[in-house]
Amino acid sequence: MDDGRMVTMLPEVASSSIAESYAGRAIFITGATGFMGKIMVEKLLRECGDIRCMYLLIRAKKGIDPVQRKEEYVKNIVFDHVREKYGDRLAKIRLIRGDILSDGLGISEEDHAELVENVEMVFHCAANVRFDQHIRQAVDINLNGTIRVLSLAEKMRKLVSFIHVSTSYCQCNEAVLEEKHYPAPQNPEGISKMVGLLSDDVLDLITPRLLNNLPNTYAYTKALTEDMVYQYRGKLPIAIARPSIVTAAMKEPLPGWGEGTNGPTGLLIGAGRGVIRSMHCNAEYLADFMPVDITMNAIIAIGTERMKNPRKDDVMYYNLASSAENPISWGEVLEMGRSVLNENPFCFALWYPDGSIKSNYLYHLLCVIFFHYLPAYLIDFLFVLLRRKPFLVKVQKRISAGLTILQYYTTKEWIFRCDNAKSLYQRLSHDDQKRFYFDVTEINYQTYLYDFILGARQYILKEAPETLPQARKLLRKLYIMDKIVQIGLYALGLWLFWTYFEVVTGSIQFVFDTAIAGLRGSSASPIATIRQGL
């Protein structure tokens, strides 16, 4: 169908084992070295031991050769269990030297021939997830990179599944996101060619018009990319997975494991270190988090579901979101997080972590000025006096830019329809539901936020659990300092008020007494005296 409202007929019987579906399969994964990709590779190695092999596209990065990157990759902490129990399975990882940014993915003729001959399933996870990326970079990675992967997949002779990982927020202009095709704001191929021809200055001028009210280049290019993938219906067996905000692991491979400081993780760390004191947010709106293990379990299950449907002209859509089935508001997240953070603080903080969310934007701006920038300028001034390099104003500018991007998502609310994903989970066998869990109603937010914060301490900030007693002592000191400063500020405010109150009341009394004296000493009428004074 060309109207984008295709209905995929799904089988009513319980699905066969996911592990059996992957047995003997050769898989090609892009973005495998990223946050989500690591979890997918680890899960497939651990639970689908009979998989034939996984081809991972790995580029050179910061002068490190792909071979060395692969060696370091399998030493990552997420693979500890696999190394200890299933070490021989690591040989199933096959390196494909290449780059999503290069023509033909930059792969050799030998690797190209091997992929075309052997690959049966493709998981395209590679993407630029920076919301503030220039449109040229966002288009080249998200759109052009996908076009390159599609061109390769079209040649694969045994392909039974092409899974494209998108985002639930690719159509932010829609209040309700259905599990269906949405046309892109403009023609994807036309945008790809145009961006390649125009200069950065011209692109900067037309970008706001291109976005068409979408919040950033990430959402925009993801919308274009989905439409581009849709154009390959009939050629490839396509399924599109749309996770919402992907966050730290809930259970596997390690509770609370995460990477990077994008999105909620950066907000958590900034608030925990006392540098984020205010955030523009509607406390009553629903937050939508998808732990990375739940997300990748669902995507692995989608891979098996797609291979069962022989019709290539069907595009299968799956929204992976939690707010409909397991809702929690931003206000509840803040209160739970504050409680956990107070018990498990970070080792380093510039001030006592006591920020809050503001629904009024002007009030939020005032708080940013007084609690973000003024302290930053003061501390940097002290650093200059001490002949140290100032840094906090620069940090606050980066934080403010990040908050400006994030607040779009914390001051709006969407409804995500997840019927296909829910139906898929219900059709899994009981064993697969346990091994490849992705029922969002199982998320216990209190437990999850506890693991999330401890995971941020240990895996991102590299603060060992043994440092908690020391961190708690620091938090108590910061609390006392914070209260002393608050009392000092209140006392200063009262003193200023009292001082100026005496001055103002004294001036008023002087004027009043002078006027009365003038009236009493004049033979003219009071009205005449006042007129004379005027």
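The values are calculated or read from the model by the stated rules, or taken from the named source; none is laboratory data. Since this is a predicted model, take the numbers as computed values, not measurements. Here the Cβ is made from the backbone with ideal geometry for all residues, glycine too, and neighbour counts use every protein chain on show. When the accessible area is computed, the model is the full protein with side chains, heavy atoms only, and any ligands, DNA or RNA have been set aside. Shrake-Rupley method; radii C 1.70, N 1.55, O 1.52, S 1.80 Å.
Structure notes:
- Straight-distance candidates among the aspartates and glutamates for linking to residue 483, with alpha-carbon spacing under 16 Å and chain neighbours fewer than 8 residues away dropped: 354.
- Distance violations [Cα-Cα > 28 Å] among 193/222; 62/412; 155/222; 38/155; 38/62: 62/412
- Of all beta bridges that DSSP places with both ends in the range 216-328, some 10 percent have antiparallel geometry.
- C-alpha long axis of helix 330-343 to longest principal axis of the chain, angle in °: 80 degrees
- Quarter of Cα convex hull surface for the range 279-425, i.e. mean projection, nm²: 12.5 nm²
- With both residues required to sit in the chain, DSSP beta bridges show an antiparallel share near 10%.
- Over the residues of the chain, the helix contribution to mean residue ellipticity at 222 nm works out to -15000 deg cm²/dmol, using -39500 (n - 2.57) for each DSSP H run of at least 4.
- Under the convention that each Lys and Arg Cβ holds +1 and each Asp and Glu Cβ holds -1, the size of the dipole of the range 100-195 around its Cα centre is about 260 debye.
- Cα-based reach from residue 422 at 12 Å (exclusive), listing aspartates and glutamates while leaving out same-chain residues under 8 positions away: 179, 325, 439
- Extreme residue, positive dipole direction of the chain, given options 76, 106, 497 (C-beta unit charges): 497
- Cα-centre dipole for the chain with unit charges at Cβ (Lys and Arg positive, Asp and Glu negative), debye to 20: 1380 debye
- Nearest 10 degrees, 0 to 90: helix 109-118 Cα axis against the chain principal axis: 70 degrees
- Selection of chymotrypsin sites (Phe, Trp or Tyr not before Pro), the range 380-417, meeting DSSP coil and at most 15 other Cβ within 10 Å: 391
- Once the Cα atoms are used to define both axes, helix 188-197 deviates from the longest principal axis of the chain by about 70 degrees.
- Dipole of the range 422-482, positive end: most advanced residue of 446, 475, 426 [Cβ charges, Cα centre]: 475
- For residue 397, the aspartates and glutamates whose Cα comes closer than 15 Å to its Cα, not counting residues fewer than 8 places off in the same chain, are 132, 380.
- Measuring only protein heavy atoms, the 1.4 Å probe finds residue 398 accessible over about 150 Å².
- Relative contact order, whole percent, for the chain stands at 16, derived from Cα pairs under 8 Å and 6 or more residues apart.
- When the chain is described by a simple charge dipole with +1 on each Lys and Arg Cβ and -1 on each Asp and Glu Cβ, the residue from 409, 301, 29 located farthest towards its positive end is 409.
- From the coordinates shown, volume of the Cα convex hull per residue in Å³ corresponds to which of (1) 204; (2) 151; (3) 221: (3)
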